[in-house]
Every structure is written in structure tokens, then in C-alpha cells.
Amino acid sequence: MEEHTALRLRQAIDRLVKGEGDVRGEAGVAVDAVIAALDEGQLRAAEPDGAGGWRVHAWVKQAILLYFRRRDVEWMTAGEALAFYDKLPLKRNYDRTGARCVPPGVARYGSYLGRGVILMPGYVNVGAYIDDETMIDTWATVGSCAQIGKGVHLSGGVGIGGVLEPPQATPVIVEDGAFVGSRCIVVEGVRIGREAVLGAGVVLTGSTAVVDVRGETPAISKGSVPERAVVIPGTVPKRFPAGEFGTPCALVIGTRTASTDRKVSLEKTLREYDVAV
């Protein structure tokens, strides 16, 4: 989207947020334009800032919230077998963006699925951005405004959290080439670095300890997984009034092998570290 168009829409959304204009009336046309741009991948709720970080567009998330106010609940159908009763319609432009949706996979209008993306019977919420050649496997869910990179694999049952409020909050980010194993949960704005590998069952929240044990002493961080890290579920001791117990953590146990063939590299890494996916 051209910069001047985005600026005009942002100003219109800012006025609506301040209560200047009726979101159900003509002023709300700007909201429709933002959601349409999200659906086509022309706008994003967050995007790389060019310096290794990410920039959150709070006004885009505010537009999504306004869209719910603009619409009424209505019946929607998918063929003869499925019926929905909701405010947001289903996504319809897979053929234009080059993505596939396998029945009964569902993506809401206002989410973007890029070329070569495959949505198995999973779910993608409004505002999410799924970049090219990514696989969303069976029963995986991608929450509102989550940002999923190119060539990512979200395995069966993965839960990627969403965030609309507060608007300035950073969404979950899974960067290019990452592999997220079965039944992993990633929420609260956690960032998964490029080509990282999460073994099955890893749970990552904003407060989960990420314990890097690749060196002689553990290094503990929170909120992100390093690039090409191989991660498995673990526990760390924590003392409570009733005694000491293990609490969940994510253990960084190795590094994904660098290779021009990422598939071969991934399979080799999984064998080397005996990681369940």
C-alpha cells in the first residue's frame, strides 16, 4: 500500500477511535478499507523494522476492533455442511493469493495467506499474516495479528496466540523457516527466531524461562527463542511455601545445522538431538 494511502487511513482510524464520526456510517468506510488491505496482504498489524526488530501498527489493530462494531452478527455457510453465526465473513481470495485451504480449514476475512501456503483443517484469525510457502497443519490455530514468516511449519495442534488489546502490544512472531512441533503453545508476544526448531509440547509465554544450555553455564532469558536454536520442554526448580517444585521452561539444547537445503538440515538436526516433533 502506498505511504500516503496508509497515512490517510491511519488518520481516519485515529479520528474514529477518538469518537469523531460514526463507525456505523460513512466514516466507517475507512475501517472497511483497512480490513480489505489486511486480507490482501497490503497492510500488516506488525512488520520488520529493517534493523532486526519489529514495528507494531497499533492503529491497524484498532481498525480491527472497530470492524466488529461496524458489523452485525449474521448467518454464513460453507457449502451445505457448515454454518456459522458471526460478525466477520470467511476469507475468500485463496485463488488470488495462491494459497490452499483444505476442508474444513477456516480463515477469517482480514487475515492474509501468501502464495504456496497450505491451511489444513486449522484456524487463522483476523489480522494474522502468513507468509509464502508456510504449512499450517491439522488443528493448528493462528491468533489475531500473529505474524508467521516464509517457509514455516506449524505442526498438528500448535497454538499460536493472538492479541488485539492493548493495541500497542507486540503479537506472536514466528520468523522465516522455523519449525514448531506438535502441540506447542506460543503466546503473549513471544518471538521465535529464524529457522528455530521447537520440539513437541514446548510452551512459551512471555514469562517462560528460555534456558540456553549449549554453553558451560545456563543462560536464561524470556520472550524470544534465538535463531536456529533447537528447543525442547524442560523444568526449572522453584521454591514455594510447600517446598521446591519444577516449573515449565524451554531448554535450548542445540543449534540447527546451517545448510542450503533446509529440509535436509532440519531432518539431520532432529536426528542429532533426538527431538520429538
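How much FRET efficiency would the formula 1/(1 + (r/R0)^6) give for Gln11 and Arg115, where r is the Cβ-Cβ distance and R0 is 45 Å, rounded to 0.05?
So, using R0 = 45 Å, E works out to roughly 0.90.
Using alpha carbons only, how many degrees (0 to 90, rounded to 10) separate the axis of helix 29-39 from the longest principal axis of the chain? In the chain, helix 29-39 runs at an angle near 40 degrees to the longest axis.
In the chain, taking the dipole from charged Cβ atoms about the Cα centre, the farthest positive-side position among Gly98, Val117, Val163 is held by Val163. Among Ile253, Ile136, Ile185, the largest mean-square fluctuation in a Gaussian network model of the chain (Cα springs under 10 Å) belongs to Ile253. Relative contact order of the stretch 88-273, taken over Cα pairs closer than 8 Å and 6 or more residues apart, is 11 percent. Normalised by the number of residues in the stretch 67-135, the mean separation of alpha-carbon contacts (under 8 Å, six or more apart) gives a relative contact order of 23 percent.
Round to the nearest 10 and give me the degree value, 0 to 90, for the angle of helix 3-17's Cα axis relative to the longest principal axis of the chain. Roughly 80 degrees, rounded to the nearest 10. Using the Cβ-Cβ distance between Val203 and Val73 with R0 = 45 Å, the FRET efficiency computed as 1/(1 + (r/R0)^6) comes to roughly 0.85. In the chain, helices alone account for a calculated mean residue ellipticity at 222 nm of -6000 deg cm²/dmol, with every DSSP H run of four or more residues adding -39,500 (n - 2.57). Note on the stretch 88-273: lysine pairs with Cα distance below 22 Å, sequence gap of 8 or more or different chains, count 4. Which net charge results when you count Lys and Arg as +1 and Asp and Glu as -1 among the other residues whose beta-carbon is under 14 Å from that of Phe68? With Lys, Arg at +1 and Asp, Glu at -1, the net is +2. The dipole here belongs to the stretch 144-277: it is taken about the Cα centre, uses +1 on the Cβ of Lys and Arg and -1 on the Cβ of Asp and Glu, and is about 80 debye.
Where a ≥ b ≥ c are the square roots of the eigenvalues of the C-alpha gyration tensor, would you call the stretch 3-70 rounded, which needs a/c under 1.5, or, failing that, prolate if a/b is larger than b/c, or oblate?
Numbers: a/c = 2.13, a/b = 1.92, b/c = 1.11.
Judged from the Cα gyration tensor, the stretch 3-70 comes out prolate (a/c at least 1.5, a/b above b/c).
Angle of helix 262-273 to the longest C-alpha principal axis of the chain, folded into 0 to 90 degrees and rounded to 10: 40°.
For a modelled paramagnetic label at Val102, 7 Å from Cα along Cα-to-Cβ, the residues of the stretch 157-187 in reach, with backbone nitrogen under 12 Å, are 157.
The length gained on full extension between Leu82 and Glu26, counted as 0.36 nm times the residue separation minus their Cα-Cα distance, comes to 16.9 nm.
No value in this document is a laboratory result; all are computed from the given coordinates. Computed from a prediction, not measured in an experiment: that's the story for all the values here. Because the Cβ atoms are built from the backbone with ideal geometry, glycine has one as well, and the counts that use them run over all protein chains shown.
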